[in-house]
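Visitor: Following this message is one structure expressed as structure tokens.
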Amino acid sequence: MNAEIARRIATRTLPLAMIALALGGAPARADTLAAALASAYETNPELQAQRAVTRQVDETVPQALSGYRPGIGATVGYKANGDNFNEAGQVFTAGGVITQPLYTGGQTKAAVSASENLVLASRAVLRAAENTVMVNVVTAYANVLALQRVVELTTNQVKVLSRELQASKDRFEVGDLTRTDVAQSEARLARSQSQLTAAQGTLTLARESYRRVVGRQPVDLEPMPPLPTLPGTPTQAVDIADHNNPSLIAARFNEAAARYTVRQLEGQRLPSIAASAGLGYANYTGAGGTVPNGDYFTQNIGVSATVPLYQAGAVGSVIRQAQEVRSQRLEQITATERVVVETTTNSYSNVQTARATIQSAEVGVKANTLALEGVKQENQVGSRTLLDVLNAEQELLNAQVQLVTARRNAYVAGFSLLAAMGKAEAQDLGLDGGPLYDPDVNYRRVRGKWFD
């Protein structure tokens with residue numbers, strides 16, 4: 001039974017999120033929750049990868065802005081004419097042209113708006129990734145602490161049962177107990193040793209999970225700080241989540257980007273106007289004919305308009321496709337809202353359930369402690385059997401493990417609830433390890449770049 005409880009502690013998963021905690025700074029090597037969060041924030045590869053994705057999306061804005069800017073091109077040519085190249089006419093040409101879009105049917109403006117919304121969506125996705133990583137850290141931290149306590153309790157149980165087995169053998173030698181009593185003691189000790197081995201194995205798995213998320217093995221973990229104040233009702237929690245949950249924010253920005261993409265594609269049906277200016281140079285040598293030898297310069301400037309009359313159905317198809325993408329994004333907003341409501345409500349319920357379990361488990365530990373003392377005293381006067389003592393010890397251990405599990409569950413559920421509400425950003429954590437990552441820095445750096 002204890003081994004099964006230990007496995008549940010390590011494998012139980014709650015909605016991934018993160019918590020807003022006023023965690024103080026800690027020494028660089030201290031194994032506190034604040035230090036573990038800071039280490040994961042700086043080194044976790046999943047979080048680093050999502051930051052790179054955000055920087056990728058930043059580049060879509062200067063790409064869209066290029067539609068406002070001129071294009072410049074140059075050409076150089078050389079040609080020799082005639083049957084004998086030694087006596088051939090030779091022509092060298094060079095030229096340059098500048099083309100400036102004047103009107104594109106609103107395509108560029110819509111493309112820029114779509115890209116800017118994609119940038120905001122990617123930042124919200126980055127927030128969600130931070131939530132996932134941070135709650136993984138908290139879960140791993142809580143698992144290690146809880147399983148360490150389970151191992152301690154089970155180790156103590158093995159020691160107690162070992163002493164009782166020896167006492168049973170001594171009493172058997174003097175005829176005070178039967179062989180059955182000794183066998184019961186041996187069976188309980190073997191069972192407890194098996195539970196200890198299973199708990200130690202599960203603790204090893206939890207330590208490796210901690211190392212994967214945090215980046216180092218856990219050493220002398222300190223107790224977790226208290227949780228901040230949580231909402232009083234699930235309705236309050238859902239209202240906060242509706243405005244702050246990063247996944248929901250990302251879904252809304254993605255829908256806005258899809259809406260602007262439709263406008264951009266519809267602009268392909270409208271006329272486009274562009275201005276151009278060019279300069280040319282030609283040198284004729286031995287050309288003969290109507291063109292005298294010498295240097296020639298040409299200049300041109302003009303405005304051109306293009307009016308699409310028939311586009312073979314391609315543009316219409318692309319627009320319809322984009323409209324369906326937007327419909328998909330709208331439905332995804334609804335789906336995400338439902339998930340957020342479910343996650344927030346479930347997390348709130350998990351917190352309340354765990355708190356109630358803690359209260360009952362604390363009563364159970366006290367009651368089972370008193371019961372064990374009473375059974376032992378009654379066993380000494382012969383009114384209780386050795387099996388009664390063994391059962392009372394097992395019940396006390398079960399209650400202690402249940403209390404450890406409930407406290408772990410309450411803490412992780414509290415983190416999950418705050419994360420679902422969007423109230424647990426890295427900027428709200430007192431992480432000691434340098435400035436936080438600011439996605440706006442790269443965005444500002446690349447937005448105004450004109451040159452290749």
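The values are calculated or read from the model by the stated rules, or taken from the named source; none is laboratory data. None of the values given here were measured: they were computed from a predicted structure. Cβ: placed from backbone, ideal geometry, glycine included. Neighbour counts: every protein chain shown. Just the protein is used for accessible areas: all its heavy atoms, side chains included, with ligands, DNA and RNA removed. Shrake-Rupley method; radii C 1.70, N 1.55, O 1.52, S 1.80 Å.
Visitor: Considering only protein heavy atoms, what per residue accessible area in square angstrom results for the chain with a 1.4 angstrom probe?
Guide: 53
Visitor: Which FRET efficiency value, to the nearest 0.05, is calculated for residue 217 and residue 176 with the Förster distance at 41 angstrom and r the Cβ-Cβ distance?
Guide: 0.25
Visitor: Using only alpha carbon pairs under 8 Å that are at least six residues apart, calculate the relative contact order of the chain and give it in whole percent.
Guide: Relative contact order for the chain comes out at 31 percent.
Visitor: Using the beta-carbon distance between residue 367 and residue 167 and R0 = 30 Å, what value does 1/(1 + (r/R0)^6) give for FRET efficiency, to the nearest 0.05?
Guide: Given R0 = 30 Å and the Cβ-Cβ separation, E is 0.75.
Visitor: Same structure again: Subtract the Cα-Cα distance of residue 331 and residue 42 from 0.36 nm times their separation in residues, and report this length gain in nm to one decimal.
Guide: My answer for the length gained is 100.5 nm.
Visitor: Restricting to Cα atoms and excluding each atom paired with itself, what does the Kirkwood estimate give for region 197-347 in Å?
Guide: For region 197-347, the Kirkwood estimate is 23.6 Å.
Visitor: May I pose another question? Kindly provide the chymotrypsin sites (Phe, Trp or Tyr not before Pro) of region 261-325 that DSSP labels as loop, not H, G, I, E or B, and whose Cβ sees at most 16 other Cβ atoms within 10 Å.
Guide: Passing both the DSSP loop test and the Cβ count: 310.
Visitor: Shifting gears a bit: Can you pull the one-decimal nm distance between simple spin-label points at residue 318 and residue 160, each 7 Å off the Cα toward Cβ?
Guide: Those two pseudo-labels are separated by 7.5 nm.
Visitor: Charges only on Cβ, +1 for Lys and Arg, -1 for Asp and Glu: so what's the dipole of the chain about the Cα centre, in debye to the nearest 20?
Guide: About 380 debye.
Visitor: Using Cα atoms only, what is the angle between the long axis of helix 179-214 and the major principal axis of the chain, expressed in degrees (0 to 90) to the nearest 10?
Guide: The two axes meet at around 20 degrees.
Visitor: Also, quick follow-up: If the reach is capped at under 20 angstrom between alpha carbons, list the lysines near residue 169, excluding any in the same chain fewer than eight residues apart.
Guide: 159, 376
Visitor: Also: How large is the Kirkwood hydrodynamic radius of region 209-280, counting all unique pairs of alpha carbons, in Å?
Guide: For region 209-280, the Kirkwood estimate is 19.0 Å.
Visitor: While we're looking at this one, here's another question. Which whole-angstrom value gives the distance between the alpha carbon centres of region 296-358 and region 378-413?
Guide: About 56 Å separates the Cα centre of region 296-358 from the one of region 378-413.
Visitor: With the convex hull built on the Cα atoms of region 294-452, state its orientation-averaged projected area in nm².
Guide: For region 294-452, averaging the hull's shadow over all directions gives 24.1 nm².
Visitor: Now for a separate question. Taking only DSSP H segments of four or more residues, each worth -39500 (n - 2.57), what value at 222 nm results for the chain once the sum is divided by all its residues, to the nearest 500 deg cm²/dmol?
Guide: It lands at -22500 deg cm²/dmol.
Visitor: Next question, about the same structure. Using +1 on the beta carbon of Lys and Arg, -1 on that of Asp and Glu, and nothing else charged, what's the dipole of region 94-188 about the Cα centre, debye to 20?
Guide: 340
Visitor: Suppose every Lys and Arg Cβ carries +1 and every Asp and Glu Cβ carries -1, with no other charges. What dipole size does region 367-452 come out with about its Cα centre, to the nearest 20 debye?
Guide: The calculation lands at about 420 debye.
Visitor: Let me ask something additional. May I ask you to give the average projected area over all directions of the convex hull of the Cα atoms of the chain, in nm² rounded to one decimal?
Guide: It is 36.9 nm².
Visitor: Cα atoms only: what Rg and Dmax, in Å, come out for region 150-206?
Guide: 13.6, 47
Visitor: Report the rotationally averaged projected area of region 332-400 based on its alpha-carbon convex hull, in square nanometres.
Guide: About 5.7 nm², averaged over all directions.
Visitor: Mind checking the alpha-carbon convex hull of region 42-178 and giving the volume per residue in Å³?
Guide: Per residue, the Cα convex hull of region 42-178 comes to 308 Å³.
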